[in-house]
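Have a look at the structure below, then the notes.
Please treat every number below as a calculation from the coordinates, not as lab data. Only a predicted model underlies this, so the values are computations on that prediction, with no experimental measurement involved. With ideal geometry, Cβ positions are generated from the backbone for all residues, glycine too; neighbour counts draw on all protein chains shown.
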Amino acid sequence: MERARSLESNPAPAGDRGAAAAAPRSTPLTIVSGAVAGDDLVSVAASTSDALGRPVAIAIPSLGEPVVWPHGALAETGVRAIVEHAAGVIRDPDIEIPAIIADAVPVRIGNDVVGIIAVTTSGRSEPLLPEQLAWLEAGAAAAAVTALMRDAQEGGLQSSRRALLQALRTAPPADVAALEGHARRLGFDLSSGAVALCAAPPADGAQRPDELLSRHPALLADVGYGRLCGLVPISSPLSSGDGAQQLATELSGLGMLVALSGRRRDPAALHEALREAELLVELAASLAGSLSGQEETYRLLIGILLREREELELLRAQTISPLSAYDLQHDTDLLATLQAFLAHHGSTTETAEAMSLHRHTVGYRLSRVHEVSGLSPYESEGRERLSLGLKAHQILDADQRVRALL
């Protein structure tokens, strides 16, 4: 099989033999000019296809679905093969091309390959002649211009940052190479991983960090509801020493609740990093800004949530769910009393003072906790299980609130 041809920086102009009559543009250069003037990918594909008299497909994974001209020229299996090949080319420009492609040229933005433009074998399978290849190379250059202009039209730098972070908040990256390429175009190197950050304004509001967003060497964006999410690349100078912590301190100084994830050296795990940071912030907000010195335990349980959600749900079901159900049915406060008891390190007296109750009332409620859950809050094993179950309950509730914000 042939390999995708490299895009030369100064392709020789093609003669008009056989192309001028079919193409609405007189030279390959006018396809690029059209893109600069505002042509979209459909127009680029149509102009290239008309010039060559053959079906053309443009696949740039970061922009979504591929464009094929003429419409309907490829079956779904052919489109899927081209999309998969485009993703492969981003990782390895010398990858062999599939049978559905007669000839292809990478689409580049700077030094990064972001996709391909291809002539398909639909109807004719022979590769392009050298003079025809100039049209395909012009189509690749025009597609790159269109991609850049589309980013600018959709809101510029902050919009692009927000789009990348929103995608990672929602799901793991389907194509890690495309993620890294998108980040590089924004000026960030995620190839060595990153630390995630999330910051939320407290209930009484906070100073807007607009100036910080524009100057700080971190991939930060406002993702809505006044909440910031970001990635501090491990390769960034900011990540050396306590750099990420310094950023968190600066945001805290603006009145925001801030959390950092653990380091993720695999770019494929950056979704988990963002989820961890955002869940920690949501928990801090619901627990009055404090995780009671048990942040590492919460991190471990969040890791279980991200990898084995059923295990965390089972832990809650075996410890806390019976108490929640009892409170709902009998209009009691067993769960709130247990939470206060654990927060005050098993002191009945301090729990009674915090809840403005008599010590005997607290003792009665904790006895009911034992009866309903089967776990004694007075015994170390039972107290530990109930404490973990309560944290699992808090994390699952926080996860539900975070998902509502996506």
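Inter-label distance, ALA336 to ASP189: 5.4 nm, where each label sits 7 Å from its Cα along the C-beta direction.
Our summary gives the chain a relative contact order of 12 percent, counting only alpha carbon pairs under 8 angstrom and 6 or more residues apart.
Maximal additional length on extending the GLN294-ARG263 stretch stands at 9.3 nm, based on 0.36 nm per residue less the C-alpha distance. Whole-Hz Karplus values for the stretch 185-195 come out as 5, 8, x, 10, 9, 9, 5, 9, x, 6, 9 Hz, taken residue by residue from phi with 6.51 cos²θ - 1.76 cosθ + 1.60 and θ = phi - 60°; glycine and proline positions read x. This structure gives volume of the Cα convex hull per residue in Å³, computed directly, and of (i) 172; (ii) 136; (iii) 196 that value is listed as (i). Our coupling estimate for the stretch 70-79, obtained by passing each phi through the Karplus curve with A = 6.51, B = -1.76, C = 1.60 and θ = phi - 60°, is x, 4, x, 6, 10, 6, 4, 5, x, 4 Hz, Gly and Pro reported as x. Were the residues from VAL42 through THR349 laid out at 0.36 nm apart, the gain over their Cα-Cα distance would be 103.3 nm. Summarising the amide proton neighbourhood of SER235: residues at separation of 5 or more, or on other chains, whose placed amide H is nearer than 5 Å comprise SER192. Projecting the Cα atoms of SER356, ALA317, VAL281 onto the charge dipole of the chain, computed from C-beta unit charges around the Cα centre, puts VAL281 farthest toward the positive end. Here LEU328, LEU312 are placed in order of increasing Cβ neighbour count within 10 Å, fewest first, which gives LEU328, LEU312. Taking amide hydrogens as placed 1.01 Å from N in the peptide plane, the amide H of LEU257 sits under 5 Å from those of ALA200, each at least 5 positions away in sequence or on another chain.
Near ARG316: Cβ cut-off under 12 Å, other residues only, Lys/Arg at +1 and Asp/Glu at -1. The net charge is -2. A cut-off of 5 Å between modelled amide H atoms, ignoring neighbours fewer than 5 places along the same chain, links ASP103 with VAL119.
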